[in-house]
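Heads up: the structure comes next, in C-alpha cells.
Just so you know, all these numbers are worked out from the coordinates, no wet-lab data involved. Being a predicted model, the structure only gives us computed values, none of them experimental. Glycine gets a Cβ as well: all are built from the backbone with ideal geometry, and neighbour counts include every protein chain shown.
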Number of protein chains: 2
Amino acid sequence: MTSQSLERAPLAGRSREELAQFLAGEKAAYDELVAAGLVLDLTRGKPASAQLDLSDRLLSLPTTAVDRDGVDTRNYGGLEGIKELREMFAELLWIEPEQVVAGGNSSLVMMREVLVDLWLHGGVDSERPWSQEESVKFICPVPGYDRHFTLTDWFGIEMVTVPTDENGPDPDAVAELAGHDPSIKGIWIVPTYANPSGSIVTQEVAERLASMSTAAPDFKILWDNAYAFHHLTEEEAKSADILSLASAAGHPHRPVMFASTSKITYAGAGVAFLGGSVETVKWYTGHLGKGAIGPDKLNQLRHVQFFGSADGVRDHMRRHAEIIRPKFDSVLSVLEEQLGGLGIASWTEPTGGYFISLDVQDGTAARVIELAKGAGVALTQAGSSFPYGRDPHDRNIRLAPTFPEPAEVEKATRVVATCARLAAAEQLVG
Amino acid sequence: MTSQSLERAPLAGRSREELAQFLAGEKAAYDELVAAGLVLDLTRGKPASAQLDLSDRLLSLPTTAVDRDGVDTRNYGGLEGIKELREMFAELLWIEPEQVVAGGNSSLVMMREVLVDLWLHGGVDSERPWSQEESVKFICPVPGYDRHFTLTDWFGIEMVTVPTDENGPDPDAVAELAGHDPSIKGIWIVPTYANPSGSIVTQEVAERLASMSTAAPDFKILWDNAYAFHHLTEEEAKSADILSLASAAGHPHRPVMFASTSKITYAGAGVAFLGGSVETVKWYTGHLGKGAIGPDKLNQLRHVQFFGSADGVRDHMRRHAEIIRPKFDSVLSVLEEQLGGLGIASWTEPTGGYFISLDVQDGTAARVIELAKGAGVALTQAGSSFPYGRDPHDRNIRLAPTFPEPAEVEKATRVVATCARLAAAEQLVG
C-alpha cells in the first residue's frame, strides 16, 4: 500500500503540488504492478470451477430417460419442453406452467428467436412484421448488458438510452419515449440484480412499465431475469411479477420473460426458459415449430432429477452465494480502501447477481482499462455497457469477480484501483 | 389374405364386373381392418426405443468435463463447438475440421439460423440481404422433406419444384431455373438416402449442381446430409464431396452442409453439424455470436467419449441397420405381395435412410390416407412431401417404418396396401 492511499481527501481539492506528488506515487505503484507480470481477468460473468462443481451430480444423470408423463426424452418432440421442469420453474418465476417454455442451453438464443419472429412476422398484438415498419427503436436502460445491445444492433434496431438508478430504469423517461413514438417497440430490462449495476426493479417501477400507455400497440418488455435467484445476501430480492402486472393493466402480451440455469448449474449446458402470456407462448412455439422439432429434453430431465423441486433450486443457490460472496466482499473492500474518499470513483454494492459497476472519474474509463491491460488485468472493453459501445461520460467499468480465484480477485481489483487513481491524477494534473 | 390378392393382373385391364368384384372384396377386407380397432403410426422418421437404447452409455458420460484441449465444457464459450468432435465429424464428412461447426441438438435449427442470416444480412457472396431482394425463390426437388418446405415458406420464399429420380434432382431442370432467374437463390438437397425417396445424389449430379452457372451470385445448395451414415445394406453409399466439387468449380461458398447425430445417438439430445467453406463457417459463427455464447459443449464431449473415433460412429450405425432393416424388408415384402402386378402402385427400395416412398394410383393418395386413418393407421398428411402440401398427382405417401415394433410395421403396411387397393378400385369403378 502506498502512503498516498492513506490520504482520504478528494483529489479535486488538492494543490498542484500535492497532485503531482500523488501522480508520481501512483506511477511508481503502477510500474511495480507492470513489473509483476500479472495475468488476471475480470471481463466476463462466468461461474468459477468451484461453482460448476456444485452441479457435477448432473454428469451421471438422468437415471432414467423417461419423464413423469411417460415421455421418452431421448426421442424427438415436445417443443415446449418437459412438463416437470416447466412446473418447477413456473413456481420459481411465480407464473403458471402453461406460461413457460423450457428450451435449450441459452436464453440469449431464445431472445434472438423472439426478435426474429417479431421481425419476420410480428407479435400477437402487432399490426405488421417489425421489418415492415419504417423504423424500429428499442429503449436500452444504461448501463446495461452488452449482449442485449449487440443483438439489437444486429437487426438494425436503433437503440435509445434511458438512465437507471437502484430501482431500475427511470420510468418517466421510459414512459415519455414509449408514449409518443410508435417506432419505439420495446425495452430491455434485467429486473433483478441487473447487469452491471445490481439494481432491482421495484414493484412501483414494474407497475409503471406494465401499465404505461405506449404509442406502439405491440410494445415489448424483454424481461431478462437472468439473476432471479442469484442472491448474495440473506436479503433475497423477489422479482416483480411483471406478467400479472401487465395482465392486470390490460397489456398481457407486453412482457416476455427469460431465465436460465446457466449460472445455476452449468453455464454451457443448462436449460433456458421463456415466459409470457399463454398466447405469447403459443405464438413463440408456433414460430419455433417452423424450424425446430424440440429442445434437449434429456438435459431437462437431468435437471429435474438434480434439483428435485423448486426448493432444491433455492438451496443450490445458497451454495453458490457462499462461494462468490467473499469475492464480492474482496472487491468492495479493496475499492473502499483504495478509492474511498478521493472523489474519483463510485461503485455499486449489489446484493446479488454477477457484477459490480464501477464509475471512475469522468473521461478516464478507457484510460483505466488501457492501463489495467498494460498491467496484465483484462477488463471488459470501455463503453461495453452502453449501446454502440459509447459511454457518454467515459466512466463506467464493469467488474466481474466470480470466475477468478479469491486471491486473484483481490490482486486484480488492486490493479484496477491503482489504474483509476493514476488515470484520475493524470487528468487532474493535465 | 383375400382371394383377389392372388390375381396379379393390372386392375386397369379388368372388366367392369371383375373390378366390381375386386372392389367388393377390398371393401370387406377394409371393414374387417376397421373392426380390428388398430392404433398404428407410420408418420414420422423417429428412431425406435431399441435404437435409442444403443446409446444409453451416454447417460453416464462424460466421465470428465474437461476436453482434450483443456476446455472446461461446463462453462461458457466455444461458439464453433469442441475441436475433438469437429475433427471426428470432419473425417466422417470428408472435410477439414475448420470447415465444421458442432452445434446444439438440431440441424434444422442451424438451417433456420443460416436462412435468418441470409435474410437479414446476406451471405459471404451476396450483393445485399435476401430480404432486400424483390423476390426470393428456392428450388425444391420433389418429393422432399416437409420441414424444409415449412421453413422456407416461413420466410415467404417462393418454392419451385423440380423432379427427382434415383440419382437425385433433375440437373437440367435445376440448371435451367438457376441459370436464368436471379431470384432463384438456392436449392434443398438431401444427398444421401433422401427423404422420402431414398435416392442418392450421384457424383455426376453433384458436379453439375456444384459447377452450373447461376444468375444469383449467392446461390446456395443447402445440403442436408441427415442420413449420411444411415446405411441399410452392405452397399454403403458415399456422399458426393460437394464442398470440394464446388470449390474446384470456383463456387466455394455455394454449399452449406448439415448433419446430425439425431438418428445416430438420441433424436432429441444429439449434436448437429454445419459444414462449409472456411469463410462460410466464419460468416455463420460471426452472426451466431450476435445472439449466442456457445453450444452445449458438455453434450459434445459426451459424444466424443461415447464414439471414441469416426470408426466408432460407423460401427454404431451397423447396429442401427440390424434393428431397422427387418422393418424395411417387412414393408417391401407386404407391398410386393399386396400390390405387385396390379399396376396401381410403385415404391422405392432404399438402401439407407428412414423412408419408403409409395406412389399409389394417381388421384388416390389423399383417399388412401383417409381410409388408413379410418382403420387406425396414421400416415403423414397427403401432399406433405411437396411444397405447400400440394402433390400435383395426389399419389405420394411417405412410409416411415423405423419407430413401430416389427409386427406393427407389417400390420400397418397391410392396412396401407388394402387402402391403396380399395381406393384404386373405387376410382376405376367410378
If you wrap the range B:161-250's Cα atoms in a convex hull and average its projection over all directions, what's the area in nm²? 5.6 nm²
Using label points projected 7 Å from each Cα along Cα→Cβ, tell me how many nm separate B:Ala215 and A:Asp362, to one decimal. 6.0 nm
Spelling out what I want: for every residue of the range A:65-71, take phi, set θ = phi - 60°, compute 6.51 cos²θ - 1.76 cosθ + 1.60 (Karplus), and round to whole Hz; glycine and proline get x. 9, 9, 7, 3, 8, x, 6
If amide H atoms are built 1.01 Å from N in the plane of the peptide, which residues on other chains or at least 5 residues away come under 5 Å of the amide H of B:Lys220? B:Gly186, B:Ile187
Provide the percentage of antiparallel DSSP beta bridges, counting only those with both residues in chain B; round to the nearest 5. 50 percent
Post the alpha-carbon centroid distance, the range A:317-388 to the range A:402-430, in whole angstrom. 9 Å
B:Ser346 to B:Ser244: extension gain in nm, 0.36 nm per residue of separation minus the Cα-Cα distance? 33.1 nm
Using the per-residue mean of other Cβ atoms lying within 10 Å as a proxy for protection, in what order, highest first, do the peptides A:201-212, B:195-206 fall? B:195-206, A:201-212
Per-residue average of Cβ from other chains inside 10 Å of B:296-308: 3
Name the residues of the range B:381-398 whose amide N is less than 18 Å from a point 7 angstrom out from the Cα of B:Ser135 along the C-beta direction? B:387-388
Interchain or long-range residues, amide H under 5 Å from B:Gly352's placed H: B:Leu232
Mind checking which lysines have their C-alpha under 22 Å from A:Lys27, skipping anything on the same chain fewer than 8 residues away? A:Lys373, A:Lys411
Roughly how big is the range A:75-308's charge dipole about its Cα centre, with Cβ charges of +1 (Lys, Arg) and -1 (Asp, Glu), in debye to the nearest 20? 820 debye
Below 8 Å, C-alpha to C-alpha, sequence gap of six or more: please give me the relative contact order for chain A in percent. 26 percent
From the phi angles alone, apply the Karplus equation (6.51, -1.76, 1.60; θ = phi - 60°) to the range A:267-276 and give each ³J(HN,Hα) in whole Hz, x where the residue is Gly or Pro. 4, x, 9, x, 10, 9, 10, 10, x, x
Unit-weight point scatterers at every alpha-carbon of chain B, Debye formula, q = 0.08, 0.09, 0.10 1/Å: log10 I(q)/I(0) is -0.48, -0.60, -0.73
Quick one: which of B:400-407, A:253-260 comes out on top by average Cβ neighbours within 10 Å, and what's the full order, highest first? A:253-260, B:400-407
Label-to-label distances across copies for A:Asp362, with labels 7 Å out along Cα→Cβ, in nm, shortest first? 8.1
Under 10 Å, Cα contacts only: if you run a Gaussian network model on chain A, which one of A:Thr63, A:Thr233, A:Thr265 comes out with the highest mean-square fluctuation? A:Thr63
Out-of-range pairs (alpha-carbon distance over 29 Å; input A:Lys185/B:Lys297; B:Lys238/B:Lys327; A:Lys220/A:Lys290; A:Lys220/B:Lys185; A:Lys290/B:Lys282; A:Lys263/A:Lys297): A:Lys185/B:Lys297; A:Lys220/B:Lys185
Relative contact order [Cα under 8 Å, 6+ residues apart], the range A:75-308, whole percent: 27 percent
Taking a point 7 Å out from Cα toward Cβ as the label site, list the nm distances between B:Glu127 and the same residue in every other copy, smallest first. 3.3
Contact order normalised by residue count of the range B:115-244, Cα under 8 Å, 6+ apart, percent: 24 percent
Subtracting the Cα-Cα distance from 0.36 nm times the residue separation, let me have the gained length for B:Ala24 to B:Thr43 in nm, one decimal. 4.0 nm
When chain A is treated as a Gaussian network with springs between alpha carbons less than 10 Å apart, the largest mean-square fluctuation among A:Ala412, A:Ala173, A:Ala292 is found at A:Ala292
I need the inter-copy label distances for A:Glu204: point set 7 Å along Cα to C-beta, values in nm with one decimal, smallest first. 8.0
Shape parameters for the protein assembly as shown, alpha-carbon atoms, Rg then Dmax in Å: 30.6, 119
Among DSSP bridges having both ends in the protein assembly as shown, what percentage is antiparallel? Round to the nearest 5. 50 percent
At q = 0.07, 0.10, 0.12 Å⁻¹, the log10 of I(q)/I(0) for the range B:75-308 from a Debye sum over equal Cα scatterers comes to -0.20, -0.42, -0.61
With runs of 4+ DSSP H residues as the only contributors, calculate the mean residue ellipticity of chain B at 222 nm using -39,500 (n - 2.57) per run, divided by the residue total and rounded to the nearest 500. -12500 deg cm²/dmol
Where Lys and Arg each count +1 and Asp and Glu each count -1, what net charge lies around A:Gly389 among other residues with Cβ under 12 Å from its Cβ? -3
Distance (nanometres) between label positions extended 7 Å along Cα→Cβ at A:Arg8 and B:Glu279: 6.3 nm
Tail weight of P(r) past 22 Å, computed on alpha-carbon pairs of the range B:263-341, percent: 52 percent
How many nm separate the modelled label positions at A:Glu158 and A:Ala35, each set 7 Å beyond the Cα in the direction of the Cβ? 5.4 nm
Return the whole-Å distance between the Cα centroid of the range A:61-117 and the Cα centroid of the range B:129-151. 30 Å
Taking θ as phi - 60°, what are the ³J(HN,Hα) couplings along the range B:396-403 by the Karplus curve (6.51, -1.76, 1.60), each to the nearest whole Hz, with x for Gly and Pro? 8, 10, 9, 9, 10, x, 6, 6
